[in-house]
Amino acid sequence: MGVMDELRVLMVGDSRAREFRGSLELLRASAEVTSAKDLAEAVSLTTRGEIAPDLIILAQGYPRQFRAGLVEQLRGSLPTAHFVALLGSWCEGEERTGEPLPGVQRIYWHRFAGWWTAQQRVLAAGRCPDWGEPVTAAEDDRQMAASRRETALPHVRRTPSSTIAVAASQ
């Protein structure tokens, strides 16, 4: 039994949608997964004490599918749980045109398998996964931390240091 076997995940949204089916299968193979069709059901499950997930994955098929107020209500009932938005195709431009959920890490559906596999390696090495960053961490903070975690793992091949110069003018 691996480290991820004890991980409890709550997946909120239409996990049966074509974009999310593979992610759900991958999650079920490595964690205990409970599904909720929407945030209202997730809040109900958690406030009744039926589940206490470590990680909440919001399967977001389109921008503004999940209201920030309900996410905060769910966060209030599960202060130690971490949130990840699993984003569908319609969310590709949300950072430019929409309002991404605050304090929620964003992973696009087509990158989820590689990301999840990397998180399993990080957890197996006894390190903090990407979703363990503080709620207040910005996306660039998360990426920097993830980069440091990956290069600290013993199985990651390191390449010689290179210098990259960028020149720009206005």
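The values are calculated or read from the model by the stated rules, or taken from the named source; none is laboratory data. Source: prediction; values computed, not measured. When we count neighbours, we look across all protein chains shown, and the Cβ atoms used for this are built from the backbone with ideal geometry, even at glycine. Ligands, DNA and RNA are stripped out before the accessible areas are found, and what is left, the full protein with its side chains, is counted by its heavy atoms. Shrake-Rupley method; radii C 1.70, N 1.55, O 1.52, S 1.80 Å.
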Practice task
List the residues whose amide H sits under 5 Å from the amide H of ARG64, counting only those 5 or more places along or on another chain, with H placed 1.01 Å from N in the peptide plane.
Solution key: GLU99
Problem - Solvent-accessible surface (1.4 angstrom probe) belonging to TRP109, in square angstrom, nearest 10 - result: 80
Practice task
Would you kindly derive the ³J(HN,Hα) couplings of region 22-27 from the backbone phi angles with the Karplus curve 6.51 cos²θ - 1.76 cosθ + 1.60 (θ = phi - 60°), listing them in order in whole Hz, with x for Gly and Pro?
Solution key: x, 5, 5, 4, 4, 4
Exercise for the section: State whether region 87-130 is rounded, prolate or oblate according to the following rule on the C-alpha gyration tensor (a ≥ b ≥ c being the square roots of its eigenvalues): a/c under 1.5 gives rounded; otherwise a/b larger than b/c gives prolate, and the remaining case gives oblate. Expected result: oblate
Exercise for the section: Tell me which residues come under 5 Å, amide H to amide H, from HIS82 once H is placed; ignore anything under 5 positions away on its chain. Expected result: LEU55, ILE56
Problem - Near-label residues of region 87-123 by backbone N, under 20 Å of a point 7 Å along Cα→Cβ of ARG64 - result: 87-104
Handout entry: Kirkwood Rh, Cα atoms: Rg over Rh of region 16-129
Key = 0.94
Exercise for the section: Determine the gain in length on full extension of the stretch ALA40-ASP140; use 0.36 nm per residue of separation and subtract their C-alpha separation, reporting nm with one decimal. Expected result: 32.9 nm
